[in-house]
1. How about region 61-80: which of its residues are touching a helix residue (DSSP H, G or I) at 6+ places or on another chain (Cβ under 9 Å), surrounded by 14 or more Cβ atoms within 10 Å (Cβ to Cβ) and either closer than 14 Å to residue 3 by Cβ or without any contact (Cβ under 8 Å) to a residue 12 or more places away in the chain (or both)?
2. Mind checking whether some residue in region 43-50 is touching a residue at least 60 places away in the same chain (Cβ under 8 Å) and loosely packed, with under 10 Cβ neighbours inside 10 Å?
3. Determine if region 4-16 includes at least one residue that is part of a helix (DSSP H, G or I) and out of contact with any helix residue (DSSP H, G or I) (no Cβ under 8 Å at 6 or more places or on another chain).
4. Which one is nearest to residue 57 (Cα to Cα), of the residues in region 24-46 that are touching a strand residue (DSSP E or B) at 6+ places or on another chain (Cβ under 9 Å) and in a loop (DSSP other than H, G, I, E, B)?
C-alpha cells in the first residue's frame, strides 16, 4: 500500500501509461495558496471581499492520477 499523497514535484517526469503509452494524465489533489485580501463586514455580518491578491502557492499534493486517454489508474506507479 502506498502513501495517501505525494508532492507535485515527486511526479515522475518520464511517466507514461503502461496500457496505451499516453503521457497525458488527469491528476487530482489539493494545494494551499497564500493571499491577501481587503474585506468589509456589513451590518448583517456578511463578509464582502473588495480586493484579493494572490501571493503564491505554498504547496501542491497529488492524491490520484489516471490516464486521460484509456482511464487506467496509475496511482501505484507514482507511489500512491
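Just so you know, all these numbers are worked out from the coordinates, no wet-lab data involved. Remember, it's a predicted structure, so these values are computed and weren't measured experimentally. All Cβ positions, even for glycine, are placed from backbone atoms using ideal geometry, and neighbour counts span all protein chains on display.
1. Residues satisfying the conditions are 61, 62, 63, 64, 65, 78.
2. no
3. yes
4. Checked region 24-46; the qualifying residue nearest to residue 57 (Cα to Cα) is 24.
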